[in-house]
Amino acid sequence: MGVIIAMAIILLWFAVLVFGLTLTLDFASPLVYLLILIQTHLYTGLFITAHDAMHGTVSKNRKLNTTIGHFTALLFSYNFYKRLFPKHHEHHKFVATDKDPDYHDGGFLAWYFSFLMQYVSWQQIVLMAITFNILKLFLPVENLILIWMLPAVLSTLQLFYFGTYLPHRGIHETGNQHKSRSQKLNHFVAFITCYFFGYHYEHHASPGTPWWQLWKVKEKQVY
């Protein structure tokens, strides 16, 4: 099931990308803005899939699991799975401490900037620039910016706000060993906002649970 869900996200991402890049954009049409929102959500899905691969939950076949992780990470603006893997496991090991690469003891913007600096590399920027300059020879620049680039940037905000900032900011209750909190029980909102990663205490309590089953853990947890 994990592989099927991963492939569905990948194929939907490609389908929306191709449709959006070849569409004649009409900025008076709600379709343009709907496509941006859908593609942002699918970009987030790519990263969540790569994230699940880091926990070995996409496939029981280790090679296939890692391959999907590498592929979905690359689709997400040329992220490198081998670079993401150790950082993410440091986050779980040292959550909300100065050794946590995802944590920053500051306000939203400072934390978001710190978050980006942990994961954006010069190699990504160079590869994105090369790809953009090649694609613009064949596709409209505005389509590339609005359908390919903008959703990738917006999804980093989505991932950061719902998957890092809200769960880990501030002081946590005594006894909360994962230094994480969760949104209130609402499966629709949890999926739309960040593929159930608003149920973040549950993820840290059960990192071997794939994103699409976190709602089941949420219903069993006290926090």
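The values are calculated or read from the model by the stated rules, or taken from the named source; none is laboratory data. Remember, predicted model here, so these are calculated numbers, not experimental data. So basically every Cβ, Gly included, is an ideal-geometry build from the backbone, and we count neighbours across all protein chains shown. These area figures cover heavy atoms from the full protein model, side chains too; ligands, DNA and RNA do not enter into them. Shrake-Rupley method; radii C 1.70, N 1.55, O 1.52, S 1.80 Å.
Tally up the carbon and sulfur contribution to the accessible surface of the chain as a whole percent, 1.4 Å probe, everything protein left in place. Could you put the intermediate results ahead of the total?
Values: 8070 of 11720 Å².
Roughly 69 percent, rounded to a whole number.
Over 14 Å apart: what share of the alpha carbon pairs of region 25-78 falls there, rounded to a whole percent?
Within region 25-78, distances greater than 14 Å cover 58 percent of Cα pairs.
Ordering 214, 154 from largest to smallest accessible area (1.4 angstrom probe), what's the sequence? Can you show the working numbers first?
Values: 214 0, 154 60 Å².
Ranking 214, 154 by accessible area, largest first, yields 154, 214.
With 5 Å bins beginning at zero, the pair-distance distribution over Cα atoms of region 177-223 amounts to 5, 27, 39, 22, 6, 0 %.
Considering only Cα-Cα distances, which of the following residue pairs are longer than 18 Å: 93/179; 60/179; 184/218; 184/220; 60/220; 184/216?
Listed pairs above 18 Å: 60/179; 60/220.
The shape of region 100-223 can be summarised by an equivalent ellipsoid whose semi-axes, obtained from the alpha carbon gyration tensor, come to 33, 18, 12 Å from longest to shortest. With only Cα atoms counted, region 114-181 has Rg and Dmax values of 17.5, 57 Å.
The coefficient of translational diffusion for region 1-118, derived via Stokes-Einstein from the alpha carbon Kirkwood radius under 4 °C and 1.567 mPa s, stands at 82 µm²/s. Return the long-range amide H neighbours of residue 199 (sequence gap of 5 or more, or a different chain), with a cut-off of under 5 Å between placed amide H atoms. Close amide H contacts, sequence-distant or interchain: 183.
Given R0 = 30 Å, the distance between the Cβ atoms of residue 153 and residue 97 translates into a calculated FRET efficiency of 0.60. Label-to-label distance, residue 114 versus residue 219, with points set 7 angstrom from Cα along the beta-carbon direction: 3.7 nm.
What is the distance in Å between the Cα centres of region 1-23 and region 35-80? If you average the Cα positions of each part, the centres end up 12 Å apart. Between region 150-223 and region 104-134, the alpha-carbon centres lie 22 Å apart.
Subtracting the Cα-Cα distance from 0.36 nm times the residue separation, let me have the gained length for residue 26 to residue 133 in nm, one decimal. Let's see the in-between values first.
Numbers: separation 107, 0.36 × 107 = 38.52 nm, distance 2.33 nm.
Length difference between fully extended and current span is 36.2 nm.
Computed over protein heavy atoms with a 1.4 Å probe, the accessible surface of the chain works out to 53 Å² per residue.
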